[in-house]
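Colleague: Next up is a structure, given as structure tokens.
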Amino acid sequence: MSTLSTVSTVLAAKWRVKLRFNLVVGGTLFALAVFVGLFADWLAHTDPVMDANLLNAEEPPSWKWWFGTDAQGRDIYSRVVHGARISLTVGIVSQFINSIIGISLGLTAGYFGGWWDDFVNGLTNLMLAIPSLIFALAIMAVLGPGLTSLLIALGLTNWSFTCRIARASALSLKTQGYVQAAKVLGYGDLRIMTTQLLPNMLGPIIVIGTLGMGGAVLAEASLSFLGLGIRPPYPSWGSMLSEARDQITTAPWLSVFPGLAIFLTVLGLNLLGDGLRDILDPQSRSTRV
Amino acid sequence: MSAVPLIEVENLRIDLDAQGKRVPAVEGVSFRIDRGETFGLVGESGCGKSITALALIGLLRRPLSIGGGTIKFEGQDIRKLSTSGRRSLRGNRIAMIFQEPMTALNPVSPVGRQIAEMFVLHKGKSWREAKQLAVEALAQVRVPAPARRVKDYPHQLSGGMRQRVMIAIALACGPDLLIADEPTTALDVTVQAEIIELMRELCAEKGTAVLMISHDLGLVANVCRRVAVMYAGRIVEERNSDDIFRTPSHPYTRGLVRSLPRLGSRAAHGQTRLQEIKGVVPAIAHFPVGCRFNPRCPEATDICRQVEPAEELLAAGGLVRCHHHG
């Protein structure tokens, strides 16, 4: 008995160390990206668009140009820092739209069932069958490039996973005693959904949302790379990569730094999502008390 | 007895939809509960007592549905009420507490908020007033340090405390009827006694009628003034609780009474074995012809195997459904 409990204590301690690692590294990377985005003007003194100077074109990284300069002589450091603003705006806003759509559809489908459930299910399957990037590409083609259309395109195409999770949670939660009890106590449908179902399914939804944010940052980079997202000369990590691809052998710093920025941000978001999953898991929540 | 009973169930039938076939799970159930009265519904698992209670609050779910009969609340047929009319009855006029206090409370919401929600929902109070009322409600069910406990989450409370919170929620709006479905089954015996005592006291104080559902005849007879015994979807005997113990008329009730262990009985009658009722409850789809208890009944005769007995009035008051009750 005592050996068993010792083993479980050791395991619990190890587990906790592991989830701290996810959370701390992921959280730090994400917080750093947000910080850079918020204080871009303060962190980089040169203008990412206007301060072009052909005399400084394609300078390698140095003490003066930390990340080097591009073909027009613009400071890559400044462009990467300002790019964070665009990438994170797209990531956060589009994932927020996705979550709202996914939760409202999935929650109502799981709770009410019937034809509405069939309809939402069909729609979700349809969305999953079409590659979301292709779908976003089509929407962008209709709306034209730009930040707003990028937000709309990415916000409308990635809600299917959130919807699935919300529907599955609603289905299992609605048979729980407290949901039945709420019905017996005279709660209306909307009140049951907002007070009983939604707070209880928020854990997995937050995890999916965080992971989806990473996906949206990548999708923005892909669309901008393809020339349909943020248009040059405005700095977005994807469009910087796109511009840099011709000089990848002669001036690798042009692609390395924006690439690194994408990599670290997405890594941070994925680790954060993982870490949140560990914490929000009901099993570990009960041990926290 | 007042002229209009609080709740009157007449000839209730509940159908179970089994692959297109409608099988009656509960049939011909009639009873009435007056204001402030305590009424018990006793029976084995699967006899239909819980679904009868769900039918009363209009919450039967597929594959179950009401197949016939009427349920009147203060003379008003609740099946004819609109959805919102029924919703305003629930929690406000008719409340219910459940067997599992663990699962009947929302795990992510502090208990005070869950009590307060009732005042906001049914009494139109503001959240600030409701929070204050929630503290009072917790004090009423004798939770120590209620002002601190309202901030607790369900998992921080013991089973007995949780059931107290459930009672506080159920009685928050001063309902006319409290349905208690096996309210103490999941609790320790000592806690059981406290909870039952608390429930009885509060209901007597507020004039709330109680419909208590249990498999424990002893418990029900102790709490309730009148008891109905259900078997295989029918009420087989309905009596005053004192009478049902002293002179059970239906063989099934007799079996139930005999199967109760009693303190001191071994000493009085020597080392006798506890009596059991032979056999098991028949499945809903295969209720026997004639009296539904006949395959297990020690007194069954030919008529029991052919004709289903009707409800008969007993001379001493009460109803029984048996050919041989005399």
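FYI, it's all coordinate maths here, none of it is from the lab. Worth saying up front: this structure is predicted, and the values here are computed from it rather than measured. We place every Cβ from the backbone using ideal geometry, glycine too, and count neighbours over all the protein chains shown.
Colleague: Normalising by the residue count of chain A, find the relative contact order in percent from Cα pairs under 8 Å and 6+ residues apart.
Modeller: Answer for chain A is 26 percent.
Colleague: Taking just the alpha-carbon atoms of region A:36-288, what radius of gyration and Dmax come out, in angstrom?
Modeller: When restricted to Cα atoms, region A:36-288 yields Rg and Dmax of 22.0, 77 Å.
Colleague: Now a separate question. Kyte-Doolittle mean at least -0.5 and Cα extent at least 18 Å along the axis: which DSSP H helices of chain A qualify?
Modeller: A:2-38, A:76-112, A:114-129, A:160-173, A:198-225, A:253-280
Colleague: Also, quick follow-up: Restricting things to alpha carbons, find the Rg to Rh ratio for chain B using the Kirkwood radius for Rh.
Modeller: Looking at chain B, the ratio lands at 0.99.
Colleague: Also, quick follow-up: By per-residue mean of other Cβ atoms within 10 Å, what is the highest-first order of A:132-138, A:267-273?
Modeller: A:267-273, A:132-138
Colleague: Across the residues of B:95-102, average count of Cβ atoms on other protein chains within 10 Å?
Modeller: Other-chain Cβ atoms within 10 Å of each residue's Cβ, averaged: 3.
Colleague: Now for a different question. Work out how much length A:Thr194 to A:Ala129 would gain on full extension: take 0.36 nm times their residue separation and subtract the Cα-Cα distance, in nm to one decimal.
Modeller: In short, 20.4 nm is gained.
Colleague: Could you check what % of the DSSP bridge pairs in the protein assembly as shown are antiparallel, to the nearest 5?
Modeller: Here the antiparallel bridges make up roughly 60 percent for the protein assembly as shown.
Colleague: State the three equivalent ellipsoid semi-axes of region B:158-307, derived from the C-alpha gyration tensor as the square roots of 5 times its eigenvalues, in descending order and whole Å.
Modeller: So the equivalent ellipsoid measures 32, 20, 14 Å along its semi-axes.
Colleague: What distance in nm lies between label points placed 7 Å from Cα along the C-beta direction at B:Lys151 and B:Lys206?
Modeller: Once both label points are built, they end up 2.7 nm from each other.
Colleague: Here's a follow-up. How far is the Cα center of region A:186-247 from the Cα center of region A:161-180, in Å?
Modeller: 23
Colleague: Moving on to the next point. Can you compute the charge dipole magnitude of chain B about its Cα centre, using +1 on each Lys and Arg Cβ and -1 on each Asp and Glu Cβ, nothing else charged? Give it in debye, rounded to the nearest 20.
Modeller: 760
Colleague: Of B:Ala285, B:Leu59, B:Val9, whose Cα points farthest to the positive end of the dipole of chain B (charges on the beta-carbon: +1 Lys, Arg; -1 Asp, Glu; origin at the Cα centre)?
Modeller: B:Leu59
Colleague: If you don't mind, another one. Need the full-extension length gain, A:Leu143 to A:His45, defined as separation in residues times 0.36 nm minus the C-alpha distance. One decimal, nm.
Modeller: 31.9 nm
Colleague: Further question: Could you tell me which residue out of A:Ile248, B:Ala104, A:Asn98 lies farthest along the dipole of the protein assembly as shown toward its positive end? Charges go on the beta carbon: Lys and Arg +1, Asp and Glu -1, centred on the Cα centre.
Modeller: The listed residue farthest towards the positive side: B:Ala104.
Colleague: Which residue, chosen from A:Ala221, A:Tyr187, A:Asn270, occupies the Cα position most advanced towards the positive end of the dipole of region A:36-288, where the dipole is computed from +1 (Lys, Arg) and -1 (Asp, Glu) charges on Cβ about the Cα centre?
Modeller: Among A:Ala221, A:Tyr187, A:Asn270, the one farthest towards the positive end of the dipole of region A:36-288 is A:Tyr187.
Colleague: Of A:Ala166, A:Ala71, A:Ala129, which has the largest mean-square fluctuation in a 10 Å C-alpha GNM of chain A?
Modeller: A:Ala129
Colleague: Need the list of lysines near A:Lys174 for cross-linking: C-alpha distance under 16 angstrom, and skip anything on the same chain fewer than eight residues off.
Modeller: The qualifying lysines are A:Lys183.
Colleague: Report the Rg/Rh value for the protein assembly as shown, based on alpha-carbon coordinates and the Kirkwood definition of Rh.
Modeller: 1.15
Colleague: Among the listed pairs B:Lys123/B:Lys206; B:Lys72/B:Lys125; B:Lys151/B:Lys206; B:Lys80/B:Lys125, which have their C-alpha atoms separated by more than 20 angstrom in this model?
Modeller: Exceeds cut-off: B:Lys72/B:Lys125; B:Lys151/B:Lys206; B:Lys80/B:Lys125.
Colleague: I would also like to ask the following. With +1 on each Lys and Arg Cβ and -1 on each Asp and Glu Cβ, and nothing else charged, work out how big the dipole of region A:36-288 is about its Cα centre, in Debye to the nearest 20.
Modeller: So the dipole magnitude of region A:36-288 works out to roughly 860 debye.
Colleague: Which aspartates and glutamates, on any chain, are close to A:Lys64 with Cα under 19 Å apart, when same-chain ones fewer than 8 places away are left out?
Modeller: Cross-link targets: A:Asp41, A:Asp47, A:Asp51, A:Asp75.
Colleague: Still on this structure, I have one more. Over chain A, with a Gaussian network built from C-alpha contacts below 10 Å, which listed residue (A:Gly186, A:Gly113, A:Gly73) shows the highest mean-square fluctuation?
Modeller: Highest fluctuation among the options: A:Gly186.
Colleague: Then there's this: For region A:66-141 and region B:22-36, write down the distance between their C-alpha centroids in whole Å.
Modeller: Each part's Cα centre sits 55 Å from the other's.
Colleague: If each DSSP helix of 4+ residues adds -39,500 (n - 2.57) and the sum is divided by the residues in the protein assembly as shown, what number results at 222 nm, nearest 500 deg cm²/dmol?
Modeller: So the helix-based figure for the protein assembly as shown works out to -16500 deg cm²/dmol.
Colleague: If packing is taken as the average count of other Cβ atoms within 10 Å, what order do A:59-70, A:147-158 fall into, highest mean first?
Modeller: A:147-158, A:59-70
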